[in-house]
Structures are given as structure tokens and as C-alpha cells.
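Read the structure below first, then the notes.
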Amino acid sequence: MKKGLTLSLSLVLVLSLCLALGGCFKPADYDTPVAFTVIVVHLDGTEKTFEYETTKSTLGDALLEKGLIDGHQDTYGLTITTVDGVYYDWNTSGIYWSLLINGEYAMTGADSTVIEEGTVYSLVATKM
């Protein structure tokens, strides 16, 4: 009985951790393209709007494929370092790219944000 309870609690803990870290499984790509908008706000306040269609399921994969972003994988997922050809290194400049979804700060990273048709995503250069 005690062993079964320990195993059950362990499974709950693992599943909770997976959900907290953006999920254990990457969603499958779409069969038909979905349309979405990306607004890039540079440090000087200038904005550029990009309209895309993709069959990729996650924002990070789509934007990497389109060439709008670049970055590297770390412990927490994809760290975006370059947007629209502009590179920032948080460690040396204190500037990073914030991700907003329909004007609200994202609760997920770009590589775990599932693209939804018609959604507006913003990448904003942010100085701390």
C-alpha cells in the first residue's frame, strides 16, 4: 500500500514538473497553415509588423523557420538573442527580447507557445 502511494505521488510530481516546464511533449505540426502576426519593437521604439502563415505548431519553430529570430537552447528552452537581425546579449548589455501574446506578457517561452490562428505575438527589446 505504502509503495503504491509513493509511486502514485512520484508520477503526479513528474507530470506536474512537465506541465510547469512547458509540457513534456511537443505538439504535432498543423496539417494546414495557420496565420498569425508578429510585431517587433526595437529598442528605439520603432516597430515592424510581419504577417506569417505556417504549419509549425510552436512560435519558436515557425520564427526560426522564417528567419525572423535566432538563439540557442539552454536549460529553460529557446533563448532568443536575435530578432529582425538585431542581436542582444543579456549578460553584457542587460537587454533581452520579451515575448507578448495579444499585448500581454507570455507565460511560456517561444518554443512552447502553441500558435493560434489570428493571434498577435510581439517581440520587444527590453532593457533592465
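A short reminder: the numbers here are calculations on the coordinates, not readings from a lab. Predicted, not measured: the structure shown is a model, and the values here were computed from it. Don't worry about glycine lacking a Cβ; one is built from the backbone with ideal geometry, like all the others, and counts go over all protein chains shown.
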**Q.** Pairs of lysines in segment 26-127 (C-alpha under 19 Å apart; 8 or more residues apart or interchain)
**A.** 4
Q | 15 Å beta-carbon shell around Gly67, net charge (K/R +1, D/E -1) | A | -3
